[in-house]
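What follows is a short report on a single structure.
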Amino acid sequence: MLILFLLLISLVSSCSIETPHYVTLRIADDHPFEIASSTDMWYTLRYFDGKRIVEEHIPASVRTIERVPVYTGGMRPFILIPLGQLGPVGGFYEPGGSDLIRMKSEYGSFAEMLIGAAEYRPDAVSRVSVSSIMEDYEDLALIDELDFLDKLFDGTLRKGQLKTYEPEVLVFDSIPEGRWISERYDTPEFSVPLSGRPVYLRLHPGVFRYMNWQRGLLLTIAVSEEWEKSANISKAPVWY
């Protein structure tokens, strides 16, 4: 009888221990800034594992991160932040989906938003099906994130009923001359022949960064949900 009791206790204990599921993250494309410098950047990995927000340093030259532990039971968003400060590349794991997560720049802002939301409403974020959303909205960057979070948190999130933005042409007239390389593959680079010449960029609400490799400058453009815009020039980060 004692042996049977001990076996029962052991079985109950083993069932209560959650075993993590392991996924692999792979950066889909070399970062445009890495291509310009011919030098790899280091990254900060940040993700929601189902219980908490995890953050780790990823050394330069690492493009595949194996055995990343997550807990099953819902969607898990991931971001890799170049140099810990540039725009992230993102990816998602969903139960029953592939264990190989392709990290892409066009997923970065949406994944970053979900990780931030998971700090406050982890259960709600776990219930999100990004694959279902992408059936209706191919470009996640065009989704109105404030509208999405409102619907997610109040339980009114419905398939095909998200508010999206239509990119608009915005004018900037204080950008120094030279070639400006975009950090995102879904946003083209541009060139300024002479300083002060107007530049016309087709953008949507969000943050966009461009690097002038020859002059060592970083351009950060922010577009608000009300279409207010700002452009800031700073020194480009050094990693090479």
Output row, site Ser38, 7 Å Cα→C-beta label point, backbone N cut-off 15 Å, window the range 214-240, residues 214, 240
In nm, the gap between the two label points placed 7 Å beyond Cα toward Cβ at Leu170 and Asp154 is 2.7
Whole-Hz Karplus couplings 3J(HN,Hα) for the range 180-187, θ = phi - 60° and coefficients 6.51, -1.76, 1.60, Gly and Pro as x, run 10, 8, 6, 7, 10, 6, 8, 10
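Expressed in nm to one decimal, what extension gain is obtained for the pair Ser230 and Gln161 from 0.36 nm per residue of sequence separation less their Cα-Cα distance?
Details: separation 69, 0.36 × 69 = 24.84 nm, distance 3.00 nm.
Once the chain is fully extended between Ser230 and Gln161, it gains 21.8 nm.
Dipole size in debye (nearest 20) for the chain around its Cα centre, Lys and Arg Cβ +1, Asp and Glu Cβ -1? Provide the component values of the computation, followed by the final result.
Values: 23 positive and 34 negative charges, 100 e Å.
So the magnitude is around 480 debye.
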Residues whose built amide H sits under 5 Å from the amide H of His21, excluding neighbours closer than 5 in sequence, are Val70, Tyr71, Thr72
For the pair Asp139 and Leu194, the simple spin-label estimate (label points 7 Å beyond Cα toward Cβ) gives in nm 3.2
Listed by chain and number, the residues whose amide H is under 5 Å from that of Val199, excluding neighbours fewer than 5 places away on the same chain and using placed H, are Phe172, Asp173
Nearest 10, in degrees from 0 to 90: the angle of helix 108-118 to the longest Cα principal axis of the chain is 40
Scalar couplings 3J(HN,Hα) for the range 19-25 by Karplus 6.51 cos²θ - 1.76 cosθ + 1.60 (θ = phi - 60°), nearest whole Hz, x for Gly and Pro, are 9, x, 9, 9, 10, 10, 9
Nearest 10, in degrees from 0 to 90: the angle of helix 145-154 to the longest Cα principal axis of the chain is 20
The helix 2-16 Cα axis meets the longest alpha-carbon principal axis of the chain at an angle in degrees, between 0 and 90 and rounded to 10, of 10
Within the set Ala36, Ala222, Ala111, GNM on the chain using Cα springs under 10 Å gives the largest fluctuation to Ala36
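Just order 85-97, 143-155 by mean Cβ neighbour count inside 10 Å, highest at the front, would you? Write down the numbers at each step before the final one.
Values: 85-97: 19.6, 143-155: 15.7.
Per-residue Cβ counts within 10 Å, averaged per peptide and sorted highest first, yield 85-97, 143-155.
Please state the charge dipole magnitude for the range 168-235, taken about the Cα centre, from unit charges on C-beta atoms (+1 on K and R, -1 on D and E), reported in debye and rounded to the nearest 20. List each step's numbers first, then the result.
Values: 8 positive and 9 negative charges, 73 e Å.
Approximately 340 debye in magnitude.
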Residue-normalised 222 nm signal for the chain, counting each DSSP H run of n ≥ 4 as -39,500 (n - 2.57), nearest 500 deg cm²/dmol, is -6500 deg cm²/dmol
Looking only at lysines whose Cα falls under 30 Å of Lys229's and that sit 8 or more positions away or on another chain, we get Lys104, Lys151, Lys163
Rounded to the nearest 5, the percent of DSSP beta bridges in the chain running antiparallel is 90
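Go through the range 156-222 and name the trypsin sites (Lys or Arg not before Pro) that are in a DSSP coil and have 16 or fewer other Cβ atoms within 10 Å of their Cβ. If you can, show how the numbers build up before the last one.
Values: sites: Arg158, Lys159, Lys163, Arg179, Arg184, Arg202, Arg209, Arg215; in loops: Arg158, Lys159, Lys163, Arg184, Arg215.
When the trypsin sites (Lys or Arg not before Pro) of the range 156-222 are filtered for loop state and at most 16 Cβ neighbours within 10 Å, Arg158, Lys159, Lys163, Arg215 remain.
Each value in this text was obtained by applying a stated rule to the coordinates, not by laboratory testing. In this text, all values refer to a predicted model and were calculated from it rather than measured experimentally. Positions of Cβ are backbone-derived with ideal geometry, glycine not excepted, and every protein chain shown enters the neighbour counts.
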